[in-house]
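Reviewing the structure listed below.
The values are calculated or read from the model by the stated rules, or taken from the named source; none is laboratory data. Keep in mind that this is a model prediction, so the values were computed, not measured. All Cβ positions, glycine included, derive from the backbone under ideal geometry; neighbour counts span all protein chains shown. In case anyone asks, the SASA skips ligands and DNA or RNA and just uses the protein heavy atoms, side chains included. Shrake-Rupley method; radii C 1.70, N 1.55, O 1.52, S 1.80 Å.
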Amino acid sequence: MAKKKQTGSTPATVALTKAGAEFTVHAYAHDPAAASYGEEAAEALGVDPAQVFKTLLAEVDGALTVAIVPVSGSLDLKALAAAAGGKKAVMADPAHAERTTGYVRGGISPLGQRRRLPTVLDASAAGRPTVCVSAGRRGLEVELSPTVLAELTGATLAPIARTPAPG
């Protein structure tokens, strides 16, 4: 995976470049009518939805916290609270999440946010050579090592995703 600069950079790609990280940018035509931004990205990129991770913001005991989970699953708020050292987690208000991160919903990247927030990356990422996360806008993903993602975001790895039951 080669380091790749792209015109129309985002704070996420700028942060990756500044850190000297290896990453690949993947652009695709975003459909505003898509039901799930993450599943749309997985389909457009032709990758397993378990490799594409969505960035969600929750409040753990009142403090904004970033959760990064596979698009094939959902966030377990109790597990997030425990991983973040709190008692209770609720999803953050989308407008508050946008103002705090500097990104729009559906394009929130865990990288290059306005200020660093406590971050928890689902433990399933550790078993993958690379993962894809939003590069900071709808229709743009960045592929990188989960180790690099955890290092650059200061993420704790913990099992915070619920996966759908097979069948």
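Scanning segment 32-58 for residues that are within 14 Å of the chain's Cα centre (by Cα) and acidic (D, E) returns a single hit, E39. Residues in segment 59-82 that are part of a strand (DSSP E or B) and within 13 Å of the chain's Cα centre (by Cα): T65, V66, A67, I68, V69, P70, S74, L75.
Quick check on segment 27-38. Is at least one of its residues within 19 Å of G154 (Cα to Cα), among the aromatic types (F, W, Y) and either out of contact with any Gly (no Cβ under 8 Å at 6 or more places or on another chain) or in a loop (DSSP other than H, G, I, E, B) (or both)? Scanning segment 27-38 turns up no residue that is within 19 Å of G154 (Cα to Cα), among the aromatic types (F, W, Y) and either out of contact with any Gly (no Cβ under 8 Å at 6 or more places or on another chain) or in a loop (DSSP other than H, G, I, E, B) (or both).
Scanning segment 37-57 turns up no residue that is open to solvent by 60 Å² or more (accessible area, probe 1.4 Å) and in contact with a Leu (Cβ under 6 Å, 6 or more places away or on another chain).
In a loop (DSSP other than H, G, I, E, B) and of a type outside the set (D, E): does that describe K87? For K87, the condition - in a loop (DSSP other than H, G, I, E, B) and of a type outside the set (D, E) - is met. Restricting attention to segment 136-153 and to residues that are of a type in the set (A, V, I, L, M, F, W, C) and either open to solvent by 40 Å² or more (accessible area, probe 1.4 Å) or at pLDDT below 95 (or both), the residue that is nearest to G38 (Cα to Cα) turns out to be L140.
Every test in (1) closer than 20 Å to R162 by Cα; (2) in a strand (DSSP E or B); (3) in contact (Cβ under 8 Å) with a residue 60 or more places away in the chain is passed by V47 save one, and that test is (2). For segment 96-109, a tally of residues being open to solvent by less than 10 Å² (accessible area, probe 1.4 Å) and touching a helix residue (DSSP H, G or I) at 6+ places or on another chain (Cβ under 6 Å) returns 1.
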